[in-house]
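Heads up: the structure comes next, in structure tokens.
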Amino acid sequence: MAILRPAGQFDTSYARDMATIRGPWQWWLLCAFVLALYTLPFYASQSLVSLVNRIGITIIAVQGLNLLTGYTGQISLGQAAFMTTGGYISALLVNNLGWSFFAALPVAALGAGIVGLIFGLPSLRVKGFYVVMATLAAQFIIPWFTRNAFPEVLSGAQGLNVQVPVLFGLEFNSPQRYIYITLTVLILTTIMAHNVSRSRLGRAFVAIRDSDLAAEVLGVNLFKYKLQAFFLAAVYAGAAGALAAHNIRHLNSETFNLIDSVFYLGMLVVGGLGSNLGPIFGAIVVGLLIEVATLFGPFFISLFPSTAAGAVQALRPLFFGIALTLFLIFEPRGLAHRWYLLKAAWRLRPFSH
Amino acid sequence: MRKHLFSLLSIMVLISLVLGACAPKPTPVPTKAPTATPVPTKAPTATPVPTKGPPDLAGETITIYHFGDLSGPYAAITAPLIHGAEDAVAAVNAAGGLYGATLAVKFADTGGSIDEAVAAYDRFTGEDKNPLVMITYGSGEVEALAQRFAEDKIVNITAGLSGRGFYIDSGYTFGLGPIYPDQLGFVMAFLKENWDTYKPAGGGDEIKLAYLSWPTAFGQGALKDESRAYLEELGIEIVAEEVYDLSPAADTTTAILNAQAAGANVIWTNTLAFGPAAILNDLNALGLRDQFVVAADNWAMDLATYAFLAEPAYGVGLIAPFPYLWWTDTDNPGIQYAQELFEANERDMAEHNVGYLLLIAGVDLAVDAITLAIDTVGYENLTGEAVHDALIALGPHKALDGVLRVDYSGDNRSPHMSQIRMIQGGPDAFVVIQDWAEMPDLRPTE
């Protein structure tokens with residue numbers, strides 16, 4: 001979307017035209033926001049820190065999906081499976097080989113990326129629902145593999161107990177500590193996603209999404225770029241999976257499942273496909289909805305003891321489904337689009353119409 | 001293209017939601033009203049005698065936390081736990097509280113997700129700087145949280161009976177029942193001993209076991225290195241290991257036919273509610289019910305299973321370890337007390353299951369341990385560590401007048417005594433075929 005600015009504001013250099021942060025006050029605002037996040041453990045409750053931690057990890061996974069689905073137009077139902085891959089790689093490297101988590105994390109992300117490449121291979125020959133089926137296969141094959149292959153290493157269905165990250169003797173064994181790892185990785189992945197989206201790579205992704213035939217005619221190598229999108233999406237998922245596994249301290253084939261993959265897609269729709277803010281908005285809104293549904297369940301049961309026990313099972317999908325339907329009807333471009341409109345209206349005031 | 005993308009996405013997500021919503025849901029169990037006649041209320045059991053006068057803790061509040069699956073696959077058995085805990089705590093408070101202190105209970109829904117269980121743990125430990133006891137239900141969450149409980153010195157009384165959660169990097173996790181490998185070994189040893197009585201027609205002289213279960217930490221919780229070695233010692237061969245979906249709509253036909261082809265004559269399933277029901281339904285549908293002895297973990301022998309049986313008669317013959325008493329043991333004062341609470345609070349008959357009963361007993365056990373801890377270290381020094389020590393110091397202990405028998409002394413973190421029961425007749429007809437006996441100790445070593 002073009003950046004709308006009041007009349008009279010011009011960029012005078014290429015660097016300024018490309019700048020993401022355009023004014024000193026934006027720097028201040030960004031620094032204050034990051035500082036507020038990093039100091040969260042000092043003023044927020046443990047449950048809020050824990051929630052932010054989990055949402056942060058989810059954002060990373062959805063950012064990867066956004067590169068694949070939002071930018072490249074390849075719908076994937078396998079994001080959670082790639083999280084499983086990353087989680088297992090990291091857990092094994094740390095548990096069995098004694099690696100530091102901080103060394104295992106990038107290797108886990110890359111490992112998941114390579115697995116993502118394999119499941120991305122069919123994308124050259126098939127489109128739409130058929131790509132979905134290929135990624136859905138990942139969601140069945142990878143958990144099956146972790147459950148049945150090498151039980152002496154992967155512990156079968158029982159799964160693995162995962163060690164907490166340790167850095168210079170400091171154990172990241174509480175949400176207040178773990179959030180520093182999550183936030184740091186999240187900032188790195190956000191910068192990376194932002195830069196990918198405005199690079200040659202990102203423009204090729206968008207070209208493929210908008211019309212793969214036209215893109216190919218223009219010289220975009222479909223096979224190469226689609227595979228790169230799958231790789232990047234799986235790298236993000238691998239990093240998120242590793243972060244989640246060491247945060248939960250346990251991992252099995254069910255930790256990240258098909259429902260998670262569906263929810264990640266929904267988050268993307270709610271937040272806004274093909275926008276770097278989309279995964280952030282989507283993960284926060286849906287994450288909070290899930291949290292509300294979780295907290296509401298016991299309260300609902302105490303209000304309606306005889307009827308609510310069964311109904312509570314539907315709360316989470318109900319909240320999610322309603323939010324998704326409303327967004328699809330009223331704001332199919334997601335919250336990110338609404339945010340851009342708000343910003344434009346603010347900048348163009350008093351002539352926002 | 002984007003337009004198509006949105007359409008595709010919306011259709012897919014909505015289809016997923018509709019499919020999820022269409023999944024069969026448990027129907028209330030059409031049980032008959034229990035025949036027990038209510039008896040006068042009794043005070044919570046076994047308050048140890050303090051050495052000096054009892055402290056007056058009026059105005060204080062002691063909170064028990066519990067979290068479990070209310071909106072996920074295990075909800076059928078978990079939902080009544082909430083009311084069990086609420087009713088038990090209300091009864092303790094009505095009887096004067098814990099040395100005058102009000103007992104409170106807080107619950108969180110995990111949806112069967114370990115991630116949510118960790119979130120609930122974080123929430124509770126964030127709210128309370130000195131949490132004493134948490135009650136949990138899932139094997140996966142027990143394993144994931146065992147280390148945290150030990151680090152934070154918080155007692156976890158749990159129904160998730162995964163051996164690893166109790167004995168590896170743990171110490172603060174205490175089982176409401178025997179770990180699953182012990183249960184498998186116990187029942188198999190019993191069957192070995194009494195094979196002539198229980199063997200199916202044409203079952204042969206040797207027990208050949210098929211392990212048909214869910215592909216989860218709970219489902220695979222019984223078949224461990226220790227239990228495999230024990231079965232080998234007994235001369236029992238495991239001829240088939242099959243998994244089936246953790247779903248009320250699971251089809252176990254292939255797993256059963258594979259077991260049959262492998263020559264199995266005993267099926268063990270480490271599942272609950274729709275898990276054993278799926279096997280029993282499919283065995284009957286295939287006309288193979290009389291070719292197998294079907295045995296399961298303790299949670300399988302519950303009214304929740306009946307909610308998923310095609311015919312109540314399909315449950316007949318199911319064998320399971322039974323490490324507590326049941327609602328029909330009406331001569332037991334603890335059962336009478338639980339029944340009275342159930343009726344006084346006008347609970348739905350669908351909740352008249354193991355979840356409700358066990359939470360009454362579990363709260364009673366927690367109260368006993370907290371009381372002993374207060375007696376030992378005083379209220380001002382009451383911590384999770386003190387409650388941990390008290391649970392161990394209780395030694396062989398009969399919670400709720402023997403409804404639950406535990407012994408956490410030494411390194412034990414799970415009970416080693418159990419009955420074995422068999423369904424003979426309709427719901428609730430869980431008949432004792434082996435009285436309380438010592439179980440094999442098949443705890444994990446590494």
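Below are the figures for this structure:
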read-out	value
Qualifying residue in segment A:2-15 (condition: of a type in the set (A, V, I, L, M, F, W, C) and under 27 Å from A:E291 (Cβ atoms))	no
Complete set of residues in segment B:136-173 that are polar (S, T, N, Q) and surrounded by fewer than 24 Cβ atoms within 10 Å (Cβ to Cβ)	B:Q147, B:S170
Given (1) touching a Phe, Trp or Tyr at 6+ places or on another chain (Cβ under 8 Å); (2) of a type in the set (D, E, K, R); (3) assigned by TED's automatic domain parsing to the domain that holds B:A75, index of the condition B:E151 fails	(1)
Options B:Q339, B:Q291: the member that is touching a residue at least 24 places away in the same chain (Cβ under 8 Å), assigned by TED's automatic domain parsing to the domain that holds B:N156 and of a type in the set (S, T, N, Q)	B:Q339
Subset of segment B:46-88 [modelled with pLDDT of 90 or more, within 13 Å of another protein chain (Cβ to nearest Cβ) and touching a strand residue (DSSP E or B) at 6+ places or on another chain (Cβ under 9 Å)]	B:Y65
Helices (runs of 4 or more DSSP H) wholly inside segment A:245-353 containing at least 2 residues that are more than 9 Å from chain B (Cβ to nearest Cβ), in contact with a Gly (Cβ under 7 Å, 6 or more places away or on another chain) and at pLDDT 80 or above	A:258-271, A:278-303, A:334-347
Looking only at segment B:121-140, and only at residues there that are touching a residue at least 60 places away in the same chain (Cβ under 8 Å) and farther than 16 Å from B:S414 by Cβ, the one that is nearest to the other protein chains (Cβ to nearest Cβ)	B:G140
Helices (runs of 4 or more DSSP H) (entirely within segment A:7-79) containing at least 1 residues that are in contact with a Gly (Cβ under 6 Å, 6 or more places away or on another chain)	A:46-65
Test: A:A193 is over 16 Å from A:A239 (Cα atoms), crowded, with 19+ Cβ neighbours inside 10 Å and either touching a Phe, Trp or Tyr at 6+ places or on another chain (Cβ under 9 Å) or modelled with pLDDT of 95 or more (or both)	no
Selection count where residues are assigned to a helix (DSSP H, G or I), crowded, with 19+ Cβ neighbours inside 10 Å and either under 24 Å from the mean Cα position of the chain (by Cα) or at the interface with another protein chain (Cβ under 9 Å from one of its Cβ atoms) (or both), scope segment A:142-160	7
Checklist (1) within 12 Å of chain B (Cβ to nearest Cβ); (2) modelled with pLDDT under 95; (3) buried (at least 24 other Cβ atoms within 10 Å of the Cβ) applied to A:S211, failing item	(3)
Positions within segment B:389-446 being surrounded by fewer than 15 Cβ atoms within 10 Å (Cβ to Cβ) and not hydrophobic (A, V, I, L, M, F, W, C), in sequence order	B:G395, B:P396, B:S409, B:G410, B:D411, B:Q424, B:G425, B:G426, B:D435, B:E438, B:T445, B:E446
Residue match in segment A:161-172 (condition: modelled with pLDDT of 90 or more, facing another protein chain (nearest Cβ under 10 Å) and buried (at least 23 other Cβ atoms within 10 Å of the Cβ))	yes
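The values are calculated or read from the model by the stated rules, or taken from the named source; none is laboratory data. None of the values given here were measured: they were computed from a predicted structure. In this analysis, Cβ positions are derived from the backbone assuming ideal geometry, glycine residues included, and neighbour counts consider all displayed protein chains.
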